[in-house]
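The values are calculated or read from the model by the stated rules, or taken from the named source; none is laboratory data. Small disclaimer: the values here were computed from a predicted structure and weren't measured. Every residue, glycine among them, receives a Cβ derived from its backbone with ideal geometry; neighbour counts consider all protein chains shown.
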Amino acid sequence: MCLNFLTIFDTVNKHIGLENKPVSNNLDQQTKNTARVRNLFLAALVLACAFNTVSHAAAQVTPPPTPDTIAVPAGNSPYLIGHAFGSQGYTCLPTGTGGAAWNPSARPEATLFTNLFGQQFQIITHFQSINANPKPDVPLPVPPGGNVTWQSSLDSSRVWMVKKQGVDPGPDVASCPNTGSIQCLLLQSVGNLKGPTGGNLLAKTTFIQRLNTAGGAVPTTACTVGQTQLVPYKADYFFFRADTQ
């Protein structure tokens, strides 16, 4: 499929080149216009190729073994993996004894990538936001502080999640070996939303596993109330959807 896109680009590129032979003193402007059209067309083809590659990668996604605590329930299968690079944001709050301590509830900010032609290609952004399309069984109102969110960079579809279970990393923990890092998690969808043009890369996601975490743990330093700190982290996110979909 991607080779077909590249063949199309080569054909159009040659056509544009022929159609823009200089016929006046406006050569410079014609050259700029030609380059602009070529760049836009190439960008569209790359995006289409990437979306096609990601959308047809389900058969290649095999999550590694995990503790039963964070295993995905039967009836759901993996279809996508994203390698995340980002930060966990912490805020220092007052304690009941008049001191201050870091709030262990972090706000994530990360970008997820997949490998495309030997290069890292962005597919998803991860952040916290208000659940705009809660599932029927989700209590209302939704949390004003939002839920952890994943949004497709390809079609803008979204999924909101809550933590179901977590395990602390350790050298003997399958797929979660990095002691001192944030937990590896099993998360469950509490809301999904198609993109504005009907895109559904994440619109049917049921569960996510966060595995192989590195970094991101709550700061251990002293803090003053209101202070914030971003702690870098990396992780692998495996996306699942129901087998009946």
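Out of the residues in the range 64-80 that are over 14 Å from LEU185 (Cα atoms) and of a type in the set (Gly, Ala, Ser), which is surrounded by the most Cβ atoms within 10 Å (Cβ to Cβ)?
SER77
Is there any pair linking a residue in the range 225-245 that is under 15 Å from HIS126 (Cα atoms) to one that is at pLDDT below 95 and surrounded by 12 or more Cβ atoms within 10 Å (Cβ to Cβ), with Cβ under 8 Å and at least six apart or on different chains, and which?
Between residues of the range 225-245 that are under 15 Å from HIS126 (Cα atoms) and residues that are at pLDDT below 95 and surrounded by 12 or more Cβ atoms within 10 Å (Cβ to Cβ), the close pairs are PHE238/VAL61; PHE238/PRO63.
Can you name the residue in the range 81-114 that is polar (S, T, N, Q) and over 20 Å from ARG210 (Cβ atoms) and is also surrounded by the fewest Cβ atoms within 10 Å (Cβ to Cβ) among such residues? Steps first, answer last, please.
Within the range 81-114, the first condition is being polar (S, T, N, Q), and the residues that meet it are 87-88, 91, 95, 97, 103, 105, 111, 114.
After this cut, where a residue has to be over 20 Å from ARG210 (Cβ atoms) as well, the list is 91, 95, 97.
Working: THR91: 15, THR95: 10, THR97: 7.
Among those that are polar (S, T, N, Q) and over 20 Å from ARG210 (Cβ atoms), it is THR97.
Just wondering, is there one or more residues in the range 173-183 that are touching a Phe, Trp or Tyr at 6+ places or on another chain (Cβ under 8 Å) and modelled with pLDDT of 95 or more?
Within the range 173-183, one or more residues are touching a Phe, Trp or Tyr at 6+ places or on another chain (Cβ under 8 Å) and modelled with pLDDT of 95 or more.
Which pairs do you get when a residue that is in contact (Cβ under 8 Å) with a residue 24 or more places away in the chain, found in the range 100-122, comes within reach of a residue that is buried (at least 16 other Cβ atoms within 10 Å of the Cβ) and basic (Lys, Arg), reach meaning Cβ atoms under 9 angstrom, with the pair 6+ apart or on two chains?
Short answer, once both residue conditions are applied: ALA110/LYS234.
Can you name every residue in the range 134-163 that is more than 23 Å from THR111 (Cβ to Cβ) and either in contact with a strand residue (DSSP E or B) (Cβ under 8 Å, 6 or more places away or on another chain) or touching a residue at least 40 places away in the same chain (Cβ under 8 Å) (or both)?
Of everything in the range 134-163, those that are more than 23 Å from THR111 (Cβ to Cβ) and either in contact with a strand residue (DSSP E or B) (Cβ under 8 Å, 6 or more places away or on another chain) or touching a residue at least 40 places away in the same chain (Cβ under 8 Å) (or both) turn out to be PRO134, LYS135, VAL138, LEU140, VAL142.
If we keep just the residues of the range 164-174 that are in contact (Cβ under 8 Å) with a residue 24 or more places away in the chain and out of contact with any helix residue (DSSP H, G or I) (no Cβ under 9 Å at 6 or more places or on another chain), which is surrounded by the fewest Cβ atoms within 10 Å (Cβ to Cβ)?
Taking the range 164-174 and keeping what is in contact (Cβ under 8 Å) with a residue 24 or more places away in the chain, we get 164-167, 169, 173-174.
Within this subset, residues satisfying the condition of being out of contact with any helix residue (DSSP H, G or I) (no Cβ under 9 Å at 6 or more places or on another chain) are 169, 173-174.
On the way: PRO169: 20, VAL173: 18, ALA174: 14.
Across the range 164-174, the extreme among qualifying residues is ALA174.
Does any residue of the range 136-159 turn out to be at pLDDT below 95 and under 16 Å from the mean Cα position of the chain (by Cα)?
no
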